[in-house]
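The values are calculated or read from the model by the stated rules, or taken from the named source; none is laboratory data. The structure displayed is predicted, hence computed values, not measured ones. As a convention, Cβ positions derive from the backbone with ideal geometry for all residues, glycine included, and neighbour counts pool all protein chains shown.
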Amino acid sequence: MIPHHTLKEVIADQLKRFTNQDPGIPRRIDPEQYRNKDRIVVISGVRRSGKSTFLKQLSLGFPSFLYLNADDDRLIGAAPEDLASLLFIWEELYPGVRTVFFDEIQNIPGWERVIRRMHDDGYRIFLTGSNAQMLSSELGTHLTGRYVRIELFPFGFDEYCTFHQFSWNPSGIHTTSESAAALRLFSQYIDDGGFPEYLKDPDPEILQRTFDDILFRDVIARYGIREVKSFRLLCRYLYSNMTREASLTSLASVVQMKSPVSLKNWIGYLEDTYLIGTLSPFEYSMKKQLSRNQKYYGIDTALRNAVSFRFSDDHGLLLENIVWLELRRRGYELYWLKGENECDFIVIEQGKVSMAMKVCWNLSDENREREFSGLMEACTPFHGSTGYLLTLHQEESPAGGIRVMPVWKWILER
């Protein structure tokens, strides 16, 4: 157990630091809609995506509150009993305060039982965590029906514009110079990515440290992975080849593993930490879907560039990855489609295909037929679905149910 005096020290230090913390850039998610929720508000996302800052923004709506960051070296080895002691100290120091913010709560084993008891006792609770699967299993087991979940990603392009004090009216009429300024900023965003800390201090070491923290602290140490060299090789390979399809067998060959099953577990761990995302092919048969190759995406383009090999022709995959991230931010159910041609994204809303999307860096005479054919093949079976051909800067009048427009404009005019 953590000594009583240490817990008091942690509480005082952390509350002072959190109270004085910069509230940062407003996110796309409005904090106000969650402040009066009766249910526990759970914020999950990759490390350093701004979860703590969003907690700070939520806290601005309360005159008083309690705070604990479980990612503190003084709390290593903390147990549920320490959370119980914490409640006693809070009541002693701040009697009657019933709003609590927990950061990286998954670091304390058995946290969910204490949180449930606090919620039943009338506490308003907000918590963050960096492991999707762990939060889901523990919340699902002990807090079913008691929580609402927010997934927070690194800055989208609209939030990046806010960071750079650039505004764009989605319903306005824009000059050529305004559109050119948006394109310049978007080209910069492709390289900069959306990690807030890196945008404030563009030191590549920040990205490398983020990557290593996720690998070593959130995966290797947590799951006891012994083949560290092979695991790191897998991560770098997936980032170097993101947006491309691959089979478990081919990936196992790359990292020289005999068991695709173990490799599948590794990929699952990386997904749980939000470092990568997988995209399944669209199939009506679940059996066929599970037997087909997956496509892999990364959580941030700048992180990808910092930890993997770059090639001169990889601009297209960076653009496609940005579209995937934006679709994830919007909460869509996603697939990809491969028939005679390929379609990058099939979007499902309310159980129906609503959109089909292809991403192309530059639409030319050489690739126009191929790009449009992939979209038409995807849209034809699904009546009422909209086709988008997203490019870096080209825009054309809608024709045949397909709209050609720049990625940056599609994001800003959502």
> Just wondering, is there one or more residues in the stretch 257-267 that are assigned to a helix (DSSP H, G or I), of a type in the set (Val, Ile, Thr) and modelled with pLDDT under 95?
Replying inline: yes
> For the stretch 14-56, what are the residues that are closer than 30 Å to Leu303 by Cβ and part of a helix (DSSP H, G or I)?
Replying inline: Gln14, Arg17, Phe18, Gln33, Tyr34, Lys51, Ser52, Thr53, Phe54, Leu55, Lys56
>> Anything in the stretch 213-246 that is out of contact with any strand residue (DSSP E or B) (no Cβ under 8 Å at 6 or more places or on another chain) and in a loop (DSSP other than H, G, I, E, B)? List them, or say none.
In response: Gly224, Ile225, Arg226, Glu227
>> When you check Phe186 against the structure, is it more than 11 Å from Leu412 (Cβ to Cβ) and crowded, with 20+ Cβ neighbours inside 10 Å, yes or no?
In response: no
> For residues in the stretch 15-51 being touching a strand residue (DSSP E or B) at 6+ places or on another chain (Cβ under 7 Å) and surrounded by 20 or more Cβ atoms within 10 Å (Cβ to Cβ), which is nearest to Thr144 (Cα to Cα)?
Replying inline: Ile40
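Yes/no matrix, rows are residues, columns are (1) surrounded by fewer than 19 Cβ atoms within 10 Å (Cβ to Cβ); (2) touching a residue at least 12 places away in the same chain (Cβ under 8 Å); (3) not assigned by TED's automatic domain parsing to the domain that holds Glu326:
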| position | (1), (2), (3) |
| --- | --- |
| Asp218 | no, yes, no |
| Ile225 | yes, yes, no |
| Ser230 | yes, yes, no |
| Leu248 | yes, yes, no |
| Ser253 | yes, no, no |
| Leu270 | no, yes, no |
| Tyr274 | no, yes, no |
>> I'd like to know if the stretch 108-120 contains one or more residues that are farther than 19 Å from Gly145 by Cα and within 29 Å of the chain's Cα centre (by Cα).
In response: yes
> With respect to Phe231, is the statement that it is more than 18 Å from the chain's Cα centre (by Cα) and of a type in the set (Phe, Trp, Tyr) true?
Replying inline: yes
>> Exactly one of these conditions fails for Gly384: (1) in contact (Cβ under 8 Å) with a residue 40 or more places away in the chain; (2) more than 28 Å from Ile276 (Cα to Cα). Give me its number.
In response: (1)
> Which residues, taken from the stretch 1-11, are without any contact (Cβ under 8 Å) to a residue 60 or more places away in the chain and either closer than 14 Å to Glu81 by Cα or surrounded by 12 or more Cβ atoms within 10 Å (Cβ to Cβ) (or both)?
Replying inline: Pro3
> Here is a list of conditions, (1) exposed (fewer than 13 other Cβ atoms within 10 Å of the Cβ); (2) farther than 23 Å from Glu283 by Cβ, and Thr380 meets all of them except one; can you say which number that is?
Replying inline: (2)
> Picking from Leu327, Leu334, which residue would you name as being closer than 29 Å to Ser167 by Cβ and modelled with pLDDT of 95 or more?
Replying inline: Leu327
>> Going by what's in this entry, would Phe282 be described as over 30 Å from Gln188 (Cβ atoms), crowded, with 18+ Cβ neighbours inside 10 Å and not small (Gly, Ala, Ser)?
In response: yes
> Out of all the residues in the stretch 155-165, is one or more surrounded by fewer than 16 Cβ atoms within 10 Å (Cβ to Cβ), at pLDDT below 95 and not basic (Lys, Arg)?
Replying inline: no
> Restricting the search to the stretch 374-396, which residues are in a loop (DSSP other than H, G, I, E, B), at pLDDT below 95 and out of contact with any helix residue (DSSP H, G or I) (no Cβ under 8 Å at 6 or more places or on another chain)?
Replying inline: Thr380, Pro381, Phe382, His383, Gly384
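Which residues, counting only those in the stretch 133-182, are outside any loop (DSSP other than H, G, I, E, B) and over 21 Å from the mean Cα position of the chain (by Cα)?
From the stretch 133-182, those outside any loop (DSSP other than H, G, I, E, B) are 133-142, 147-151, 157-163, 176-182; that's our starting set.
Matches in the stretch 133-182: Thr141, His142, Thr176, Ser177, Glu178, Ser179, Ala180, Ala181, Ala182.
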>> Please determine whether any residue of the stretch 356-373 is in contact with a Phe, Trp or Tyr (Cβ under 6 Å, 6 or more places away or on another chain) and either outside any strand (DSSP E or B) or at pLDDT 95 or above (or both).
In response: yes
